[in-house]
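A.B. asks: Provided herewith is a single structure, encoded as structure tokens, for subsequent inquiry.
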Amino acid sequence: AKRTIQVEVIVFKIINNEILFLLLKRTNERGGFWQPITGGVHKGENLSQAVDRELLEETGITEYIRKINDVYYFEFNANDHKLLKEHVFGIEISPNIAVKISPEHTEIKWCTLNESLALLKYETNKTGFKKLFTLLND
């Protein structure tokens, strides 16, 4: 059964005081749209562990500067009408870390907030990016 709790992980790096966000393009079979890292929370895992695992699976990244919890939370109905609960986290990585693309995606892009908002498909994703950006600029 599919888990009803998901994590969304917005990876970012800061270069010359500019925040750049990581966007990943899904394969055509998976919709072909741009998104942050997302995935289900496995049985026996807490949210933080799910974030680390998804980060590793989708980017190959194992180390980061900081993890920002509770950026945003939303619920939505999936295609099968199951209520999904998504918790959004921010992960700051050092600028020199390379991202390894997973088979789930075809390309990646580092984007400013405005570039991200123009590429992202879902309003809930856009809201998460805006909330993270605001937190980082407080």
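A.B. asks: Could you look through the range 11-50, keep only residues that are over 14 Å from the mean Cα position of the chain (by Cα) and part of a strand (DSSP E or B), and pick out the one that is surrounded by the most Cβ atoms within 10 Å (Cβ to Cβ)?
C.D. replies: Filtering first and then ranking leaves 19.
A.B. asks: Which of the residues spanning the range 51-80 are open to solvent by 60 Å² or more (accessible area, probe 1.4 Å), under 19 Å from residue 35 (Cα atoms) and hydrophobic (A, V, I, L, M, F, W, C)?
C.D. replies: 56, 76
The values are calculated or read from the model by the stated rules, or taken from the named source; none is laboratory data. Keep in mind that what you see is a predicted model, and the values were worked out from it rather than measured. Glycine gets a Cβ as well: all are built from the backbone with ideal geometry, and neighbour counts include every protein chain shown. Remember, those area values only see protein heavy atoms, side chains included, never the ligands or the DNA or RNA. Shrake-Rupley method; radii C 1.70, N 1.55, O 1.52, S 1.80 Å.
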